[in-house]
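Enquirer: Have a look at this one before I ask anything.
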Amino acid sequence: MVSSITLAPEHIIGELLRAQSVRRAFQFFDQRAAEITDEHARICSIPAPPFGERERALYLAEKFREHGLSGAQLDAEGNCVALRAGASLQPLLVVSAHLDTVFPPGTNFEVRRERGRLLAPGIADDGCGLAALVALLRALEICSIETEGSLLFVGTVGEEGEGNLRGARYLLTQGEWAGRVDAFISFDGPGVERITHAALGSRRYRVRLRGTGGHSWGDFGAANPVHALGRAVARLAAYPAPSEPRTTFNVGRIEGGASVNVIPHEAMMDVDLRSASSEELMRLDAFFRRATREAADDENAGRRAGDPPLELDMKLIGDRPSGETPVDSPLVRITEEATRAFGFRPRLDRSSTDSNIAISLGIPAVTLGTGGTSGNSHTLDEWFDPRGRETGLKRALLVMLGLVGQK
C-alpha cells in the first residue's frame, strides 16, 4: 500500500534519478519533444464538448492499445480506462487527465501554431494532461520500465462545469476499480511547481421561477420572476462570507424576459457556492436555499389578489466535495521531493479537480501540472507553450515510480 512506504522521499527520488532506465526515459522526453507536441495537437483537434467526449475517448483508447495496453476500453460512464499491470496489482495508482472541455458543440477545435505556441480551445485544459498520459506510457514501454505495483491510465469524462466530476466519481465509487485504488494523480494543465493536494468544495444551483407573465402596465401586480431573483441575489450579496476559511459565491448567469414592457413568464439563474471548509460550505448552502425561498415568498406576498403564486424550482447541478490529502502523506512528500529535484520550489494549493472525489473517499490524491506554460484558459484564445514540458513529464514519471516502485 502507498501508505506503507517507509523510505525517505529523498532516498526514493535519489535512487530513481540514478536508475539507467529512468535516465533513458528522460532522454526520450528530451529527444521526442516535437512528437509529443504533435500528438498533443492531434488529441486537441478532436471535439470534446460537455457530455460529448466519446470520440476523443475512443482515440485515447486506441493510443493506449498502440503503446501496449491491450485491455484499453471505455467504461459505462465513458471514461477511457487501461491497466498497466506491475508485478502485483497493489499498490494501484490511477494516473488520469480529463477528456472534456468547457466549450459547446460546434466549437472550432482546430489547433493553430504561432511563434512556438499551440492555440485552440482546451489546448492547456486539459490537452496538457492527455498528451502527458500518452507520453508517459510511451516512455514506460520504449524504455522497458517495469513496476512493482500497477498503473491505471484513465481519461475521465465530466470534469468541467455541469459534468460535476462524473467520470472520476463513477471510476472510484461504481466502476470495476471502485474500492481498489490506493492513490490518485490527476494531470491537469501546465507548470511544475503546483501540487494541488486540497480539494475546493462547491455547490451549484440552477434556480427557476415561473409565473403568469403579462403586460408591464395592464398586469402590474402580477408576481414577477425577475423581481424575485433580484431579491434572492440581494440577499446572497449581503452574506458575510469569511475570508478564513475562504468562502465565495457567484451568480454566473441570469436569463428571462421577452421585452422591456413584458412581465416575464419565467426567469432562471445559475449560482456557484464555494468554500475551503465543508462546514462553511454547508452553512452558505443553507443560507442560499433559505434566502431564495424567502425571496419567492416576498414576491408572492405582494401579488395581485387572485393571481397564482410563482413556482420555485431549485435544482442542484453540481456537488464537489472538499478535503485534503495530508501534507505529510507519502504522495505529497514524494511529489515535493520530485519537484525539488529539478530546481523548483513546490507550491501546495487548493482547487476543484478530479482529485476532489478521491480525497473525499480517503484516497491520497494530488493534481499536477505537466510542464510548459499557458494562458487565456477557458477562452477561444487559449494557448500552450510546450517549452519546458519535458521537466513536467520527468517529474510525473518520478512521482509515479516513487509510489508504485520500479522492478
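Enquirer: May I ask you to say which residue of ALA19, ALA76, ALA72, ALA82 is in contact with a strand residue (DSSP E or B) (Cβ under 8 Å, 6 or more places away or on another chain), among the aliphatic types (A, V, I, L, M) and more than 19 Å from ALA396 (Cα to Cα)?
Expert: Values: ALA19 fails: more than 19 Å from ALA396 (Cα to Cα); ALA76 fails: in contact with a strand residue (DSSP E or B) (Cβ under 8 Å, 6 or more places away or on another chain); ALA82 fails: more than 19 Å from ALA396 (Cα to Cα).
One residue alone meets the criteria, ALA72.
Enquirer: Out of the stretch 322-345, which residues are in a loop (DSSP other than H, G, I, E, B) and surrounded by fewer than 19 Cβ atoms within 10 Å (Cβ to Cβ)? Before you say what the answer is, go through the steps one by one.
Expert: Filtering the stretch 322-345 for residues in a loop (DSSP other than H, G, I, E, B) gives 322, 325-329, 341-345.
PRO326, VAL327, ASP328, ALA341, PHE342, GLY343, PHE344, ARG345 - these are the residues of the stretch 322-345 that are in a loop (DSSP other than H, G, I, E, B) and surrounded by fewer than 19 Cβ atoms within 10 Å (Cβ to Cβ).
Enquirer: Also, quick follow-up: Answer yes or no as to whether GLU324 is touching a strand residue (DSSP E or B) at 6+ places or on another chain (Cβ under 7 Å), more than 24 Å from THR156 (Cβ to Cβ) and of a type in the set (D, E, K, R).
Expert: Details: touching a strand residue (DSSP E or B) at 6+ places or on another chain (Cβ under 7 Å): yes; more than 24 Å from THR156 (Cβ to Cβ): no; of a type in the set (D, E, K, R): yes.
Spelling it out, it is not the case that GLU324 is touching a strand residue (DSSP E or B) at 6+ places or on another chain (Cβ under 7 Å), more than 24 Å from THR156 (Cβ to Cβ) and of a type in the set (D, E, K, R).
Enquirer: Within the set of pairs 6 or more residues apart or between chains, which connect a residue that is modelled with pLDDT of 95 or more inside the stretch 268-291 to a residue that is in a helix (DSSP H, G or I) and of a type in the set (Val, Ile, Thr) with Cβ atoms less than 8 Å apart?
Expert: Once the first residue is modelled with pLDDT of 95 or more and sits in the stretch 268-291, its partners that are in a helix (DSSP H, G or I) and of a type in the set (Val, Ile, Thr) give MET269/VAL233.
Enquirer: Here's something else I'd like to know. For the stretch 300-321, name all the residues that are in a strand (DSSP E or B) and among the hydrophobic types (A, V, I, L, M, F, W, C).
Expert: Our first condition is that a residue be in a strand (DSSP E or B); within the stretch 300-321, this holds for 311-320.
LEU312, MET314, LEU316, ILE317 - these are the residues of the stretch 300-321 that are in a strand (DSSP E or B) and among the hydrophobic types (A, V, I, L, M, F, W, C).
Enquirer: Now, a different point. How many residues, within the stretch 353-389, are of a type in the set (D, E, K, R) and under 27 Å from ALA85 (Cβ atoms)?
Expert: The first filter runs over the stretch 353-389 and keeps only residues of a type in the set (D, E, K, R), leaving 354, 381-382, 385, 387, 389.
Keeping just the survivors that are under 27 Å from ALA85 (Cβ atoms) gives 354.
Residues flagged as of a type in the set (D, E, K, R) and under 27 Å from ALA85 (Cβ atoms) within the stretch 353-389 amount to 1.
Enquirer: Which is assigned to a loop (DSSP other than H, G, I, E, B) and touching a Gly at 6+ places or on another chain (Cβ under 9 Å), of ALA258, ALA267, ALA198, ALA241? Break it down into steps so the answer makes sense when it comes.
Expert: Details: ALA267 fails: assigned to a loop (DSSP other than H, G, I, E, B); ALA198 fails: assigned to a loop (DSSP other than H, G, I, E, B); ALA241 fails: touching a Gly at 6+ places or on another chain (Cβ under 9 Å).
One residue alone meets the criteria, ALA258.
Enquirer: While we're looking at this one, here's another question. Mind listing just one residue for me: the one in the stretch 1-44 that is part of a loop (DSSP other than H, G, I, E, B) and surrounded by 16 or more Cβ atoms within 10 Å (Cβ to Cβ) and, of those, modelled with the lowest pLDDT?
Expert: To start, the set of residues in the stretch 1-44 that are part of a loop (DSSP other than H, G, I, E, B) comprises 1, 5-8, 19, 32.
Next, from what is left, pick out any that are surrounded by 16 or more Cβ atoms within 10 Å (Cβ to Cβ): 5, 32.
Numbers: ILE5: 70, ARG32: 98.
My answer is ILE5.
Enquirer: Among the residues of the stretch 297-315, are any on the phi < 0 side of the Ramachandran plot, surrounded by fewer than 17 Cβ atoms within 10 Å (Cβ to Cβ) and assigned by TED's automatic domain parsing to the domain that holds MET400?
Expert: no
Enquirer: Exactly one of these conditions fails for LYS407: (1) within 22 Å of the chain's Cα centre (by Cα); (2) modelled with pLDDT under 95. Give me its number.
Expert: (1)
Enquirer: Look through the stretch 348-363, keep the residues that are part of a loop (DSSP other than H, G, I, E, B) and under 16 Å from the mean Cα position of the chain (by Cα), and return whichever of them is surrounded by the most Cβ atoms within 10 Å (Cβ to Cβ).
Expert: Residues of the stretch 348-363 that are part of a loop (DSSP other than H, G, I, E, B), as a first pass: 352-354, 361-363.
If we keep only those that are under 16 Å from the mean Cα position of the chain (by Cα) too, we end up with 352-354.
Details: SER352: 19, THR353: 27, ASP354: 32.
Applying the filter and picking the extreme gives ASP354.
Enquirer: Something else about it: Taking the stated definitions as given, is GLU279 surrounded by fewer than 17 Cβ atoms within 10 Å (Cβ to Cβ) and either hydroxyl-bearing (Ser, Thr, Tyr) or assigned to a helix (DSSP H, G or I) (or both)? So that I can check it myself, show each step before the final result.
Expert: Details: surrounded by fewer than 17 Cβ atoms within 10 Å (Cβ to Cβ): yes; either hydroxyl-bearing (Ser, Thr, Tyr) or assigned to a helix (DSSP H, G or I) (or both): yes.
Taking the combined requirement at face value, the residue satisfies it.
Enquirer: Just one of ARG208, ARG169 is crowded, with 22+ Cβ neighbours inside 10 Å, among the basic types (Lys, Arg) and either modelled with pLDDT under 95 or at negative phi (or both); which is it?
Expert: Working: ARG208 fails: crowded, with 22+ Cβ neighbours inside 10 Å.
Selected residue: ARG169, the only one of ARG208, ARG169 that is crowded, with 22+ Cβ neighbours inside 10 Å, among the basic types (Lys, Arg) and either modelled with pLDDT under 95 or at negative phi (or both).
Enquirer: When you go through (1) more than 25 Å from LEU119 (Cβ to Cβ); (2) in a loop (DSSP other than H, G, I, E, B) one by one for ARG387, which number turns out not to apply?
Expert: Going through (1) more than 25 Å from LEU119 (Cβ to Cβ); (2) in a loop (DSSP other than H, G, I, E, B) one by one, ARG387 breaks only (1).
Enquirer: Another one. For the stretch 73-91: of the residues being surrounded by fewer than 20 Cβ atoms within 10 Å (Cβ to Cβ) and in contact with a helix residue (DSSP H, G or I) (Cβ under 8 Å, 6 or more places away or on another chain), which is nearest to GLU148 (Cα to Cα)?
Expert: Result: GLN73.
Enquirer: Is it the case that ALA234 is surrounded by fewer than 19 Cβ atoms within 10 Å (Cβ to Cβ), assigned to a helix (DSSP H, G or I) and not polar (S, T, N, Q)?
Expert: Numbers: surrounded by fewer than 19 Cβ atoms within 10 Å (Cβ to Cβ): yes; assigned to a helix (DSSP H, G or I): yes; not polar (S, T, N, Q): yes.
Yes, satisfied.
Enquirer: Looking only at the stretch 244-255, filter to residues that are outside any loop (DSSP other than H, G, I, E, B) and of a type outside the set (A, V, I, L, M, F, W, C); which one of those is surrounded by the most Cβ atoms within 10 Å (Cβ to Cβ)? So that I can check it myself, show each step before the final result.
Expert: So in the stretch 244-255, the residues outside any loop (DSSP other than H, G, I, E, B) come out as 247-255.
Those still in the list that are of a type outside the set (A, V, I, L, M, F, W, C) too: 247-248, 250, 252-253, 255.
Values: THR247: 20, THR248: 14, ASN250: 12, GLY252: 9, ARG253: 11, GLU255: 13.
Once the filter is applied, the top-ranked residue is THR247.
The values are calculated or read from the model by the stated rules, or taken from the named source; none is laboratory data. The model shown is predicted, which means the values in this text are computed figures rather than measured ones. All Cβ positions, glycine included, derive from the backbone under ideal geometry; neighbour counts span all protein chains shown.
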